[in-house]
Amino acid sequence: MTDGALSVLTFAAYHQLASGERVRDVVLRDGAGHSADAGGVEVLREAGLLTVEGDRGRLTQAGEEALDRLVEAIRAAA
């Protein structure tokens, strides 16, 4: 997985850890100049981890599982 794709998942992991709630949707462009790495979004989409609709992405079941593994890896590293 590319660093760009990991950055999208890492941002989702941040929001999940900060809120304590499962993250399924991610903002890809917020209208204030911040946007997810386009190449990373495409990698996630091609891998079947993310579907894209306009400025938002939705993690698939496989994407949610990848996010869960990332969150667990973060916890294990601390």
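The values are calculated or read from the model by the stated rules, or taken from the named source; none is laboratory data. These numbers come from a predicted model, not from an experiment. Neighbour counts run over all protein chains shown; Cβ positions are idealised from the backbone, glycine included. All accessible areas refer to the heavy atoms of the entire protein, side chains included, with ligands and DNA or RNA removed. Shrake-Rupley method; radii C 1.70, N 1.55, O 1.52, S 1.80 Å.
Within region 26-36, does at least one residue satisfy the condition of being in contact (Cβ under 8 Å) with a residue 24 or more places away in the chain, out of contact with any helix residue (DSSP H, G or I) (no Cβ under 9 Å at 6 or more places or on another chain) and part of a helix (DSSP H, G or I)? Among the residues of region 26-36, not one is in contact (Cβ under 8 Å) with a residue 24 or more places away in the chain, out of contact with any helix residue (DSSP H, G or I) (no Cβ under 9 Å at 6 or more places or on another chain) and part of a helix (DSSP H, G or I), which makes the answer no. Flag: G48 matches the condition of being at pLDDT 95 or above, over 11 Å from the mean Cα position of the chain (by Cα), loosely packed, with under 15 Cβ neighbours inside 10 Å and in a loop (DSSP other than H, G, I, E, B).
Looking across region 26-45, not a single residue is surrounded by fewer than 13 Cβ atoms within 10 Å (Cβ to Cβ) and under 11 Å from L9 (Cα atoms). Among the residues of region 1-25, the one identified as open to solvent by 80 Å² or more (accessible area, probe 1.4 Å) and either touching a Leu at 6+ places or on another chain (Cβ under 7 Å) or touching a residue at least 60 places away in the same chain (Cβ under 8 Å) (or both) is R24.
Within the option set A12, A18, being part of a helix (DSSP H, G or I), within 9 Å of the chain's Cα centre (by Cα), modelled with pLDDT of 95 or more and of a type in the set (A, V, I, L, M) holds for one residue only, A12. Taking region 58-78 as the range and being open to solvent by less than 70 Å² (accessible area, probe 1.4 Å) and outside any helix (DSSP H, G or I) as the test, the residues that pass are L59, T60.
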